[in-house]
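Colleague: Before I ask anything, let me first share the structure, which is written out below as structure tokens.
Read-outs: derived from the displayed coordinates by stated rules, not from any lab. These numbers were taken from a predicted model, which means no experiment stands behind them. Backbone-built Cβ (ideal geometry, glycine too); neighbour counts: all protein chains shown.
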Number of protein chains: 4
Amino acid sequence: MIPMGTGTSASRYVKAIHEVLKSSGVIFVPGPMSTSVEVKTFQELFRVIDAANERLKEMGVQRIITNIRIDCRLDKEISIRSKLGAVGP
Amino acid sequence: MIPMGTGTSASRYVKAIHEVLKSSGVIFVPGPMSTSVEVKTFQELFRVIDAANERLKEMGVQRIITNIRIDCRLDKEISIRSKLGAVGP
Amino acid sequence: MIPMGTGTSASRYVKAIHEVLKSSGVIFVPGPMSTSVEVKTFQELFRVIDAANERLKEMGVQRIITNIRIDCRLDKEISIRSKLGAVGP
Amino acid sequence: MIPMGTGTSASRYVKAIHEVLKSSGVIFVPGPMSTSVEVKTFQELFRVIDAANERLKEMGVQRIITNIRIDCRLDKEISIRSKLGAVGP
């Protein structure tokens, strides 16, 4: 999520979103360019995105560009841990 | 939405998603690299993404990578038409 | 390309980038969420991205978030026109 | 980088790209949804993307969808470490 019209620093918004993710109970991993979230259903994903977006609005952000990438796999169970394990260390 | 494990061509999946968008009644504009969708609420957006994802699953796709970019603006009303008009012709 | 720290409107920056693309001679199609560019080589792509980034710096933008998606296909010739034709009208 | 036409698993391609990054000497951090790379210049970035793309072609991939996000900041020095530190732990 990229806030526009709030200056060049976004760290306080990123921290606020991490608080939202913590409260929601989903597994998440912060990264330097994005935060990865592990969910079981699309509904769970949409609920946390909506909550994060609402949080930034409450903080007064007037324009929010959100980039989401979903990896939806049916042929095997995946998780943040399994995905990192498949290519690492 | 990028189907994996189905060969290099994706046009029949893109066409199927456009059918889903048509049925849903949202305004959408196909582009060479992505399709733009105009919605009033996050709920509307999530409903069409979920429907498109379900359609690809029904077609037998085993892994779907979906990239979504949301432009959520509070300080003025925007639309696909207004955004194109602001920078064109 | 999303300028940060310059307010909520980005249309003048988008227009400036379109001028850069025009000068460079590449085929491009503006869209509501992104601009599609047709190039023959990665070098050509990188040259226009670098030029666009330099243009925004000259305009005083202090932070630029750039999202690029490349569709590189070896099994058949593709173009903006062929990709739109494959799924349209 | 998403290989198309090679099945649903991409881990051997991701590993090959990590080998390319190691050889190139850039700092990089694998993540569950993408790999973050730290470079000083656009030229350095473009060189590793081109090398990774060539590696996948050598492995026989016929279509490659590459998503790149660049964070280019002029008002202060940033790094993978500084970005994670700004929002963590």
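Colleague: Just give me the residues in region A:1-25 being in a helix (DSSP H, G or I) and closer than 24 Å to residue D:28 by Cα, in sequence order.
Modeller: A:11, A:14, A:15, A:18
Colleague: Give region C:1-13 a look and list any residue that's over 11 Å from the mean Cα position of the chain (by Cα) and either away from chain A (no Cβ under 14 Å) or under 22 Å from residue B:81 (Cα atoms) (or both), or say none. Let's see the steps before the verdict.
Modeller: Within region C:1-13, the subset over 11 Å from the mean Cα position of the chain (by Cα) is C:2-13.
Those that are over 11 Å from the mean Cα position of the chain (by Cα) and either away from chain A (no Cβ under 14 Å) or under 22 Å from residue B:81 (Cα atoms) (or both): C:2, C:3, C:7, C:8, C:9, C:10, C:11, C:12, C:13.
Colleague: Does region C:70-77 include one or more residues that are more than 12 Å from chain D (Cβ to nearest Cβ), over 11 Å from the mean Cα position of the chain (by Cα) and acidic (Asp, Glu)? Talk me through it step by step, then tell me what you get.
Modeller: Applying the first criterion (more than 12 Å from chain D (Cβ to nearest Cβ)) to region C:70-77 yields C:77.
In the following step, the residues that additionally are over 11 Å from the mean Cα position of the chain (by Cα) were identified as C:77.
If we keep only those that are acidic (Asp, Glu) as well, we get C:77.
There is at least one residue in region C:70-77 that is more than 12 Å from chain D (Cβ to nearest Cβ), over 11 Å from the mean Cα position of the chain (by Cα) and acidic (Asp, Glu).
Colleague: May I pose another question? Scan region D:14-41 for residues that are surrounded by fewer than 18 Cβ atoms within 10 Å (Cβ to Cβ), without any contact (Cβ under 8 Å) to a residue 24 or more places away in the chain, over 14 Å from residue A:88 (Cβ atoms) and within 12 Å of another protein chain (Cβ to nearest Cβ) and report the count.
Modeller: 1
Colleague: Let me ask another. Between A:47, A:81, which is in a helix (DSSP H, G or I), surrounded by fewer than 19 Cβ atoms within 10 Å (Cβ to Cβ) and touching a residue at least 12 places away in the same chain (Cβ under 8 Å)? Steps first, please.
Modeller: On the way: A:81 fails: touching a residue at least 12 places away in the same chain (Cβ under 8 Å).
Of the residues listed, the single one that is in a helix (DSSP H, G or I), surrounded by fewer than 19 Cβ atoms within 10 Å (Cβ to Cβ) and touching a residue at least 12 places away in the same chain (Cβ under 8 Å) is A:47.
Colleague: Here's another thing I want to ask about it. Just the residues that are within 11 Å of chain B (Cβ to nearest Cβ), closer than 15 Å to residue A:4 by Cα and of a type outside the set (Ser, Thr, Tyr), please, taken from region A:59-69. If you could, list the steps in order and put the result at the bottom.
Modeller: Narrowing region A:59-69 to residues within 11 Å of chain B (Cβ to nearest Cβ): A:60-69.
Then keep just the ones that are closer than 15 Å to residue A:4 by Cα; that gives A:60-67.
Scanning region A:59-69 gives A:60, A:61, A:62, A:63, A:64, A:65, A:67.
Colleague: Within region A:26-44, identify whether any single residue is part of a helix (DSSP H, G or I) and either under 19 Å from residue D:67 (Cβ atoms) or within 11 Å of the chain's Cα centre (by Cα) (or both), and answer yes or no. I'd like the intermediate steps shown before the answer.
Modeller: At the first step, the residues of region A:26-44 found to be part of a helix (DSSP H, G or I) are A:42-44.
Now narrow it down to the ones that are either under 19 Å from residue D:67 (Cβ atoms) or within 11 Å of the chain's Cα centre (by Cα) (or both): none.
Looking through region A:26-44, none of the residues is part of a helix (DSSP H, G or I) and either under 19 Å from residue D:67 (Cβ atoms) or within 11 Å of the chain's Cα centre (by Cα) (or both).
Colleague: Could I ask something else about it? Residues in region D:61-79 that are out of contact with any strand residue (DSSP E or B) (no Cβ under 6 Å at 6 or more places or on another chain) and β-branched (Val, Ile, Thr): how many?
Modeller: 1
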